[in-house]
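Participant: I have a structure I would like to understand better, so I am pasting it below and will then ask my questions one at a time.
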Amino acid sequence: MTSAVDTDKLLAENKQLHIQLQDLLHHARSNQQIFQRHLAFDLRLISSYDFKEFIETLSHVMPDTFTLQTVTLALVDEGYHIRRILADLEIDLEAFPNLIFLESHTEAMFDAHHQTLPCDTILDTFNPAIHKKLFPTYNPTSIAIVQLKRQQKIIGYLGMGSDQLDRFGPHLATDFIERMASVTAICLENVINNERLKHLGLTDSLTGIHNRRYIDQRLNEEIARSQREHSALSCLYIDIDYFKNVNDQFGHQSGDIVLRVISACIKKELRLSDALGRFGGEEFIVLLSNTTLDVAILIGERIRTSISEQQVRLVKKKKVISVTASIGVACLIPPEQNFPVDELAQQLITQADQALYRAKSSGRNSVVSFDEVIQPQQKLG
(Lines give C-alpha, C1' and ligand atoms only; values in the text may rest on other atoms or scores of the structure.)
Protein backbone atom coordinates (compact mmCIF):
# COMPACT_ATOMS: atom_id res chain seq x y z
CA MET A 1 0.00 0.00 0.00
CA THR A 2 2.81 2.35 0.92
CA SER A 3 4.56 1.49 -2.31
CA ALA A 4 1.46 2.38 -4.35
CA VAL A 5 1.10 5.71 -2.56
CA ASP A 6 4.77 6.49 -3.16
CA THR A 7 4.40 5.62 -6.82
CA ASP A 8 1.37 7.91 -7.23
CA LYS A 9 3.23 10.68 -5.45
CA LEU A 10 6.28 10.26 -7.61
CA LEU A 11 4.14 10.25 -10.76
CA ALA A 12 2.40 13.43 -9.65
CA GLU A 13 5.71 15.11 -8.82
CA ASN A 14 7.13 13.96 -12.13
CA LYS A 15 4.12 15.36 -13.97
CA GLN A 16 4.47 18.67 -12.15
CA LEU A 17 8.19 18.78 -12.92
CA HIS A 18 7.41 18.04 -16.57
CA ILE A 19 4.93 20.92 -16.65
CA GLN A 20 7.49 23.24 -15.03
CA LEU A 21 10.14 22.08 -17.47
CA GLN A 22 7.84 22.75 -20.42
CA ASP A 23 7.06 26.16 -18.97
CA LEU A 24 10.78 26.91 -18.60
CA LEU A 25 11.43 25.75 -22.16
CA HIS A 26 8.58 27.95 -23.41
CA HIS A 27 10.03 30.95 -21.60
CA ALA A 28 13.51 30.10 -22.85
CA ARG A 29 12.29 29.92 -26.44
CA SER A 30 10.33 33.14 -25.98
CA ASN A 31 13.35 34.88 -24.45
CA GLN A 32 15.53 33.57 -27.27
CA GLN A 33 13.12 34.96 -29.84
CA ILE A 34 13.01 38.29 -28.02
CA PHE A 35 16.79 38.33 -27.81
CA GLN A 36 17.10 37.58 -31.53
CA ARG A 37 14.62 40.36 -32.42
CA HIS A 38 16.49 42.81 -30.20
CA LEU A 39 19.81 41.74 -31.65
CA ALA A 40 18.48 42.14 -35.21
CA PHE A 41 17.24 45.61 -34.32
CA ASP A 42 20.60 46.58 -32.79
CA LEU A 43 22.41 45.39 -35.90
CA ARG A 44 20.04 47.33 -38.15
CA LEU A 45 20.44 50.49 -36.09
CA ILE A 46 24.23 50.12 -36.02
CA SER A 47 24.36 49.57 -39.78
CA SER A 48 22.43 52.81 -40.48
CA TYR A 49 24.86 54.90 -42.53
CA ASP A 50 22.87 58.08 -43.07
CA PHE A 51 20.48 60.10 -40.96
CA LYS A 52 17.39 59.22 -42.97
CA GLU A 53 17.94 55.47 -42.56
CA PHE A 54 18.66 55.94 -38.85
CA ILE A 55 15.50 57.94 -38.09
CA GLU A 56 13.35 55.60 -40.19
CA THR A 57 14.69 52.64 -38.18
CA LEU A 58 13.83 54.36 -34.91
CA SER A 59 10.42 55.59 -36.07
CA HIS A 60 9.15 52.48 -37.87
CA VAL A 61 11.21 49.42 -36.92
CA MET A 62 11.65 50.06 -33.20
CA PRO A 63 7.89 50.24 -32.40
CA ASP A 64 7.30 46.88 -34.09
CA THR A 65 10.32 45.28 -32.43
CA PHE A 66 9.48 46.39 -28.89
CA THR A 67 5.65 46.55 -29.19
CA LEU A 68 5.43 50.31 -28.75
CA GLN A 69 2.87 52.74 -30.11
CA THR A 70 5.30 55.58 -30.68
CA VAL A 71 9.02 56.37 -30.60
CA THR A 72 10.34 59.93 -30.70
CA LEU A 73 13.80 61.45 -30.95
CA ALA A 74 14.64 64.92 -29.63
CA LEU A 75 18.03 66.31 -30.71
CA VAL A 76 19.90 69.11 -28.99
CA ASP A 77 20.84 71.36 -31.90
CA GLU A 78 22.28 74.63 -30.63
CA GLY A 79 22.75 77.12 -33.45
CA TYR A 80 20.80 75.04 -36.01
CA HIS A 81 23.99 73.22 -37.07
CA ILE A 82 22.40 69.80 -37.57
CA ARG A 83 19.27 71.21 -39.22
CA ARG A 84 21.34 73.30 -41.62
CA ILE A 85 23.37 70.28 -42.72
CA LEU A 86 20.26 68.15 -43.20
CA ALA A 87 18.57 70.94 -45.18
CA ASP A 88 21.62 71.32 -47.42
CA LEU A 89 21.59 67.57 -48.02
CA GLU A 90 17.90 67.86 -48.93
CA ILE A 91 16.62 65.63 -46.13
CA ASP A 92 12.93 66.47 -45.73
CA LEU A 93 12.51 66.95 -41.98
CA GLU A 94 8.73 67.30 -42.35
CA ALA A 95 8.65 63.62 -43.29
CA PHE A 96 9.67 62.79 -39.69
CA PRO A 97 7.04 64.31 -37.35
CA ASN A 98 8.49 62.48 -34.34
CA LEU A 99 11.87 64.16 -34.81
CA ILE A 100 12.17 67.16 -32.50
CA PHE A 101 14.93 69.76 -32.30
CA LEU A 102 15.82 71.56 -29.08
CA GLU A 103 17.90 74.67 -28.65
CA SER A 104 19.42 73.21 -25.46
CA HIS A 105 18.96 70.14 -23.27
CA THR A 106 17.18 72.24 -20.64
CA GLU A 107 14.37 72.86 -23.13
CA ALA A 108 13.44 69.19 -23.21
CA MET A 109 10.99 68.54 -20.40
CA PHE A 110 9.28 70.74 -17.85
CA ASP A 111 6.83 69.97 -15.13
CA ALA A 112 3.86 72.10 -14.17
CA HIS A 113 6.16 74.37 -12.15
CA HIS A 114 8.61 74.77 -15.05
CA GLN A 115 11.36 72.79 -13.38
CA THR A 116 13.60 70.59 -15.49
CA LEU A 117 13.12 66.89 -14.84
CA PRO A 118 16.45 65.77 -13.35
CA CYS A 119 16.51 61.99 -13.91
CA ASP A 120 18.50 60.27 -16.65
CA THR A 121 15.54 57.94 -17.25
CA ILE A 122 11.86 58.79 -16.77
CA LEU A 123 9.33 55.95 -16.38
CA ASP A 124 5.88 57.38 -15.86
CA THR A 125 2.29 57.69 -16.98
CA PHE A 126 1.86 60.24 -19.74
CA ASN A 127 1.06 63.77 -18.58
CA PRO A 128 0.57 66.33 -21.39
CA ALA A 129 1.60 69.19 -19.10
CA ILE A 130 5.00 67.57 -18.61
CA HIS A 131 5.68 65.29 -21.57
CA LYS A 132 3.83 66.69 -24.59
CA LYS A 133 6.94 68.37 -26.03
CA LEU A 134 8.57 64.99 -26.51
CA PHE A 135 5.40 63.29 -27.79
CA PRO A 136 3.99 65.83 -30.27
CA THR A 137 1.93 63.51 -32.49
CA TYR A 138 0.59 60.83 -30.12
CA ASN A 139 -0.65 60.63 -26.54
CA PRO A 140 0.49 57.29 -25.09
CA THR A 141 -0.61 55.92 -21.73
CA SER A 142 2.79 55.18 -20.22
CA ILE A 143 6.15 56.52 -21.32
CA ALA A 144 9.88 56.07 -21.01
CA ILE A 145 12.21 59.00 -21.70
CA VAL A 146 15.94 58.46 -21.56
CA GLN A 147 18.85 60.84 -22.08
CA LEU A 148 21.24 60.20 -24.97
CA LYS A 149 24.78 61.05 -23.88
CA ARG A 150 28.18 61.14 -25.52
CA GLN A 151 31.32 62.25 -23.71
CA GLN A 152 29.21 63.18 -20.67
CA LYS A 153 27.20 65.58 -22.82
CA ILE A 154 23.47 65.30 -23.48
CA ILE A 155 22.93 65.16 -27.26
CA GLY A 156 19.25 64.25 -27.19
CA TYR A 157 16.38 62.27 -25.71
CA LEU A 158 14.75 59.02 -26.81
CA GLY A 159 11.04 58.78 -26.05
CA MET A 160 9.07 55.52 -26.01
CA GLY A 161 5.30 55.42 -25.60
CA SER A 162 2.91 52.53 -24.93
CA ASP A 163 -0.86 52.20 -24.63
CA GLN A 164 -0.34 49.74 -21.75
CA LEU A 165 -0.69 51.51 -18.41
CA ASP A 166 1.77 49.23 -16.64
CA ARG A 167 4.34 49.05 -19.47
CA PHE A 168 6.57 51.74 -17.95
CA GLY A 169 6.65 52.60 -14.29
CA PRO A 170 8.78 52.62 -11.12
CA HIS A 171 8.59 48.81 -10.94
CA LEU A 172 10.52 48.40 -14.21
CA ALA A 173 14.29 47.91 -14.18
CA THR A 174 16.06 50.49 -16.36
CA ASP A 175 19.06 48.38 -17.39
CA PHE A 176 17.66 47.41 -20.79
CA ILE A 177 16.38 50.92 -21.57
CA GLU A 178 19.70 52.52 -20.61
CA ARG A 179 21.56 49.99 -22.77
CA MET A 180 19.26 50.86 -25.68
CA ALA A 181 19.98 54.55 -25.06
CA SER A 182 23.74 53.91 -25.17
CA VAL A 183 23.47 52.06 -28.49
CA THR A 184 21.18 54.77 -29.91
CA ALA A 185 23.51 57.58 -28.80
CA ILE A 186 26.55 55.95 -30.42
CA CYS A 187 24.64 55.32 -33.66
CA LEU A 188 23.24 58.86 -33.63
CA GLU A 189 26.70 60.39 -33.24
CA ASN A 190 27.97 58.15 -36.04
CA VAL A 191 25.29 59.09 -38.59
CA ILE A 192 25.57 62.81 -37.77
CA ASN A 193 29.33 62.62 -38.29
CA ASN A 194 28.73 60.80 -41.59
CA GLU A 195 26.33 63.54 -42.68
CA ARG A 196 28.88 66.19 -41.68
CA LEU A 197 31.54 64.48 -43.80
CA LYS A 198 29.10 64.19 -46.70
CA HIS A 199 28.21 67.86 -46.29
CA LEU A 200 31.89 68.86 -46.26
CA GLY A 201 32.45 66.85 -49.44
CA LEU A 202 29.68 68.77 -51.21
CA THR A 203 30.40 72.22 -49.75
CA ASP A 204 32.78 74.96 -50.80
CA SER A 205 34.91 75.66 -47.74
CA LEU A 206 35.39 79.37 -48.53
CA THR A 207 31.80 80.46 -49.17
CA GLY A 208 29.85 77.77 -47.31
CA ILE A 209 27.62 77.11 -50.33
CA HIS A 210 27.66 73.96 -52.45
CA ASN A 211 30.62 73.07 -54.64
CA ARG A 212 30.84 71.93 -58.26
CA ARG A 213 30.60 68.27 -57.32
CA TYR A 214 27.23 68.90 -55.69
CA ILE A 215 25.94 70.95 -58.63
CA ASP A 216 26.96 68.24 -61.11
CA GLN A 217 25.14 65.64 -59.02
CA ARG A 218 22.08 67.82 -58.41
CA LEU A 219 21.84 68.82 -62.08
CA ASN A 220 21.47 65.20 -63.16
CA GLU A 221 18.81 64.66 -60.50
CA GLU A 222 16.87 67.77 -61.52
CA ILE A 223 16.94 66.89 -65.22
CA ALA A 224 15.70 63.36 -64.47
CA ARG A 225 12.91 64.87 -62.36
CA SER A 226 11.99 67.33 -65.10
CA GLN A 227 11.82 64.46 -67.58
CA ARG A 228 9.50 62.51 -65.30
CA GLU A 229 7.26 65.46 -64.43
CA HIS A 230 7.47 67.12 -67.84
CA SER A 231 8.42 70.41 -66.16
CA ALA A 232 10.83 73.24 -66.97
CA LEU A 233 14.32 73.52 -65.52
CA SER A 234 16.36 76.73 -65.70
CA CYS A 235 20.00 77.48 -65.05
CA LEU A 236 21.76 80.74 -64.17
CA TYR A 237 25.50 81.04 -64.84
CA ILE A 238 26.82 83.95 -62.76
CA ASP A 239 30.26 85.55 -63.03
CA ILE A 240 31.57 88.45 -60.92
CA ASP A 241 32.73 91.25 -63.21
CA TYR A 242 36.40 92.31 -63.08
CA PHE A 243 37.09 90.02 -60.14
CA LYS A 244 40.78 89.79 -61.07
CA ASN A 245 41.06 93.54 -60.50
CA VAL A 246 39.80 93.08 -56.92
CA ASN A 247 42.51 90.50 -56.21
CA ASP A 248 45.22 92.57 -57.93
CA GLN A 249 44.28 95.85 -56.25
CA PHE A 250 43.27 94.72 -52.76
CA GLY A 251 44.74 91.22 -52.38
CA HIS A 252 43.32 87.70 -52.36
CA GLN A 253 41.94 87.99 -48.82
CA SER A 254 39.77 90.85 -50.02
CA GLY A 255 38.77 88.72 -53.00
CA ASP A 256 37.71 85.98 -50.58
CA ILE A 257 35.52 88.48 -48.71
CA VAL A 258 33.86 89.49 -51.98
CA LEU A 259 33.14 85.83 -52.83
CA ARG A 260 31.57 85.19 -49.43
CA VAL A 261 29.45 88.35 -49.54
CA ILE A 262 28.23 87.73 -53.10
CA SER A 263 27.44 84.08 -52.29
CA ALA A 264 25.22 85.19 -49.43
CA CYS A 265 23.71 87.89 -51.63
CA ILE A 266 22.71 85.34 -54.29
CA LYS A 267 21.43 82.81 -51.76
CA LYS A 268 18.98 85.21 -50.13
CA GLU A 269 17.22 85.73 -53.49
CA LEU A 270 16.54 82.02 -53.95
CA ARG A 271 13.92 79.54 -52.81
CA LEU A 272 14.73 76.58 -50.59
CA SER A 273 14.13 74.28 -53.57
CA ASP A 274 16.76 76.09 -55.69
CA ALA A 275 20.39 74.96 -55.77
CA LEU A 276 23.34 77.35 -55.58
CA GLY A 277 26.94 76.29 -56.04
CA ARG A 278 30.37 77.78 -56.63
CA PHE A 279 31.39 76.41 -59.99
CA GLY A 280 34.96 77.61 -59.84
CA GLY A 281 36.84 80.83 -59.15
CA GLU A 282 34.33 83.68 -59.27
CA GLU A 283 31.67 81.67 -61.12
CA PHE A 284 28.40 80.43 -59.64
CA ILE A 285 25.63 78.15 -60.91
CA VAL A 286 21.99 78.37 -59.84
CA LEU A 287 19.51 75.61 -60.69
CA LEU A 288 15.86 76.67 -60.68
CA SER A 289 13.54 73.67 -60.66
CA ASN A 290 10.10 73.93 -62.26
CA THR A 291 10.99 77.42 -63.54
CA THR A 292 10.37 78.74 -67.05
CA LEU A 293 12.78 80.97 -68.94
CA ASP A 294 10.80 84.18 -68.34
CA VAL A 295 10.71 83.60 -64.59
CA ALA A 296 14.39 82.63 -64.54
CA ILE A 297 15.28 85.92 -66.28
CA LEU A 298 13.34 87.85 -63.63
CA ILE A 299 15.20 85.98 -60.85
CA GLY A 300 18.48 86.68 -62.64
CA GLU A 301 17.65 90.40 -62.79
CA ARG A 302 16.79 90.40 -59.11
CA ILE A 303 20.13 88.78 -58.29
CA ARG A 304 22.04 91.16 -60.57
CA THR A 305 20.40 94.20 -58.92
CA SER A 306 21.01 92.86 -55.42
CA ILE A 307 24.71 92.31 -56.19
CA SER A 308 25.17 95.76 -57.74
CA GLU A 309 23.60 97.40 -54.69
CA GLN A 310 25.66 95.37 -52.22
CA GLN A 311 28.39 97.25 -50.36
CA VAL A 312 31.37 95.00 -49.60
CA ARG A 313 33.41 96.07 -46.60
CA LEU A 314 37.09 95.08 -46.81
CA VAL A 315 37.90 95.06 -43.11
CA LYS A 316 41.71 95.07 -43.21
CA LYS A 317 41.76 97.61 -46.04
CA LYS A 318 39.19 99.78 -44.24
CA LYS A 319 37.47 100.26 -47.55
CA VAL A 320 33.99 99.68 -49.00
CA ILE A 321 33.66 98.60 -52.62
CA SER A 322 30.88 97.66 -55.02
CA VAL A 323 30.96 94.86 -57.58
CA THR A 324 28.67 93.75 -60.40
CA ALA A 325 27.92 90.43 -62.04
CA SER A 326 27.01 89.14 -65.47
CA ILE A 327 24.43 86.37 -65.75
CA GLY A 328 23.62 83.88 -68.49
CA VAL A 329 20.25 82.09 -68.48
CA ALA A 330 19.24 78.83 -70.18
CA CYS A 331 16.17 76.63 -69.85
CA LEU A 332 14.91 73.15 -70.73
CA ILE A 333 11.17 73.44 -71.47
CA PRO A 334 10.94 70.54 -70.68
CA PRO A 335 13.92 68.26 -71.42
CA GLU A 336 13.43 65.48 -73.96
CA GLN A 337 12.40 62.33 -72.06
CA ASN A 338 14.47 59.94 -74.18
CA PHE A 339 17.61 62.09 -74.25
CA PRO A 340 20.55 61.00 -72.02
CA VAL A 341 20.58 62.97 -68.76
CA ASP A 342 24.34 63.61 -68.75
CA GLU A 343 24.21 65.03 -72.29
CA LEU A 344 21.28 67.29 -71.41
CA ALA A 345 23.19 68.48 -68.33
CA GLN A 346 26.26 69.33 -70.34
CA GLN A 347 24.24 71.14 -73.00
CA LEU A 348 22.27 73.17 -70.44
CA ILE A 349 25.48 74.39 -68.77
CA THR A 350 26.98 75.14 -72.19
CA GLN A 351 23.93 77.18 -73.20
CA ALA A 352 24.04 79.19 -69.96
CA ASP A 353 27.79 79.71 -70.46
CA GLN A 354 27.23 80.99 -74.01
CA ALA A 355 24.59 83.39 -72.71
CA LEU A 356 27.03 84.53 -70.01
CA TYR A 357 29.70 85.18 -72.66
CA ARG A 358 27.22 87.37 -74.54
CA ALA A 359 26.48 89.29 -71.31
CA LYS A 360 30.22 89.82 -70.75
CA SER A 361 30.93 90.90 -74.32
CA SER A 362 27.99 93.31 -74.39
CA GLY A 363 29.11 95.42 -71.46
CA ARG A 364 28.77 93.25 -68.29
CA ASN A 365 26.40 93.85 -65.35
CA SER A 366 23.54 92.37 -67.39
CA VAL A 367 21.33 89.29 -67.75
CA VAL A 368 21.26 87.55 -71.15
CA SER A 369 19.22 84.46 -72.06
CA PHE A 370 20.22 81.74 -74.50
CA ASP A 371 17.25 82.81 -76.64
CA GLU A 372 19.21 85.94 -77.46
CA VAL A 373 22.22 83.94 -78.63
CA ILE A 374 20.74 81.50 -81.18
CA GLN A 375 17.60 81.10 -83.25
CA PRO A 376 14.57 79.44 -81.55
CA GLN A 377 14.70 76.32 -83.75
CA GLN A 378 18.22 75.59 -82.53
CA LYS A 379 17.24 75.56 -78.87
CA LEU A 380 17.59 72.42 -76.79
CA GLY A 381 14.55 70.71 -75.30
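Participant: Treat each spin label as a single point 7 Å out from the Cα along the C-beta direction, and report the Lys149 to Ala173 distance in nm.
Facilitator: 2.0 nm
Participant: Which residue, Lys268, Lys360, Lys52, has the most motion in a Gaussian network model of the chain that connects Cα atoms within less than 10 Å?
Facilitator: Result for the chain, Cα springs under 10 Å: Lys268 fluctuates most.
Participant: Which of the following values of Rg/Rh (Cα atoms, Kirkwood Rh) was calculated from the structure shown: (i) 1.06; (ii) 1.02; (iii) 1.20?
Facilitator: For Rg/Rh (Cα atoms, Kirkwood Rh), the calculated option is (iii).
Participant: Could you give the accessible area per residue of segment 90-242, probe 1.4 Å, as a whole number in Å²?
Facilitator: In whole numbers, segment 90-242 has 50 Å² accessible per residue.
Participant: Please enumerate, by chain and number, the aspartates and glutamates with C-alpha under 14 Å from the C-alpha of Lys244, excluding those fewer than 8 residues away in the same chain.
Facilitator: Reachable aspartates and glutamates: Asp256, Glu282, Glu283.
Participant: Give the residue from Ile91, Asn139, Gln217 lying farthest towards the positive end of the charge dipole for the chain; charges sit on Cβ (+1 for Lys and Arg, -1 for Asp and Glu) and the dipole is referred to the Cα centre.
Facilitator: Positive-most Cα among the choices belongs to Gln217.
Participant: For the full complex of protein chains and a 1.4 angstrom probe, list Arg83, Arg358 by accessible area with the highest value first.
Facilitator: Arg358, Arg83
Participant: Hey, for a label at Ile321 modelled as a point 7 Å past Cα toward Cβ, could you say which residues of segment 292-315 have their backbone N under 20 Å away?
Facilitator: Within reach of a label on Ile321, which here means backbone N under 20 Å from a point 7 Å along Cα→Cβ, segment 292-315 contributes 304-315.
Participant: Of Ser231, Tyr242, Ala355, whose Cα points farthest to the positive end of the dipole of the chain (charges on the beta-carbon: +1 Lys, Arg; -1 Asp, Glu; origin at the Cα centre)?
Facilitator: Comparing the listed Cα positions along the dipole, Tyr242 ranks first.
Participant: Using a basic spin-label model with each label point 7 Å from the Cα along Cα→Cβ, how many nm lie between Lys132 and His230?
Facilitator: Label at Lys132, label at His230, 4.7 nm between them.
Participant: Say the cut-off is 22 Å between C-alpha atoms; which of Lys132/Lys198; Lys198/Lys316; Lys52/Lys198 go over it?
Facilitator: From Lys132/Lys198; Lys198/Lys316; Lys52/Lys198, over 22 Å: Lys132/Lys198; Lys198/Lys316.
Participant: If you place +1 on the Cβ of every Lys and Arg, -1 on the Cβ of every Asp and Glu, and leave all else neutral, what size is the dipole of the chain about its Cα centre, to the nearest 20 Debye?
Facilitator: The dipole of the chain has a size of about 1280 debye.
Participant: Follow-up question, since we're still on this one. How large is the dipole of segment 132-286 about the Cα centre if only Lys and Arg carry +1 and Asp and Glu carry -1, each at its Cβ, rounded to the nearest 20 debye?
Facilitator: So the magnitude is around 480 debye.
Participant: Next up: Using the beta-carbon distance between Gln347 and Val183 and R0 = 41 Å, what value does 1/(1 + (r/R0)^6) give for FRET efficiency, to the nearest 0.05?
Facilitator: So, using R0 = 41 Å, E works out to roughly 0.25.
Participant: Using the beta-carbon distance between Lys268 and Leu25 and R0 = 56 Å, what value does 1/(1 + (r/R0)^6) give for FRET efficiency, to the nearest 0.05?
Facilitator: Plugging the Cβ-Cβ distance into 1/(1 + (r/R0)^6) gives 0.25.
Participant: OK, next. Round to the nearest 10 and report in Å² the accessible area of Leu165, as given by a 1.4 Å probe over the protein chains' heavy atoms.
Facilitator: 110 Å²
Participant: Tell me the carbon and sulfur percent of the accessible area for the chain, rounded to whole percent, probe radius 1.4 Å.
Facilitator: That fraction is 52 percent.
Participant: Using 0.36 nm times the number of residues separating Asn14 and Ile333, minus their current alpha carbon distance, what extension gain do you get?
Facilitator: Gain on stretching Asn14 to Ile333: 106.4 nm.
Participant: How many nm is it between the label spots at Ala40 and Leu298, if each spot is 7 Å from the Cα in line with the beta carbon?
Facilitator: 5.5 nm
Participant: Moving on to the next point. Relative contact order of the chain: what whole-number percent is it, with Cα pairs under 8 angstrom and at least 6 residues apart?
Facilitator: It comes to 12 percent, rounded to a whole number.
Participant: Could I ask something else about it? Would you kindly state how much longer the chain becomes between Lys360 and Ser104 on full extension, computed as 0.36 nm times their sequence separation minus their alpha carbon distance, in nm to one decimal?
Facilitator: Roughly 87.2 nm would be gained on extension.
Participant: While we're looking at this one, here's another question. Going toward the positive end of the dipole of segment 291-334, with +1 on Lys and Arg Cβ and -1 on Asp and Glu Cβ, which of Ile321, Cys331, Gln310 do you reach last?
Facilitator: Of the candidates, Ile321 comes out farthest on the positive side.
Participant: Once R0 is set to 35 Å, what does the formula 1/(1 + (r/R0)^6) return for the Cβ-Cβ distance between Asp92 and Asp124, expressed as a FRET efficiency to the nearest 0.05?
Facilitator: E(calc), rounded to 0.05, equals 0.60.
The values are calculated or read from the model by the stated rules, or taken from the named source; none is laboratory data. Note that this is a predicted model, so its numbers are computed, not measured. FYI the Cβ positions are ideal-geometry reconstructions off the backbone, even for glycines, and counts take in every protein chain you see. Surface areas here come from the heavy atoms of the whole protein model, side chains and all, with no ligands, DNA or RNA. Shrake-Rupley method; radii C 1.70, N 1.55, O 1.52, S 1.80 Å.
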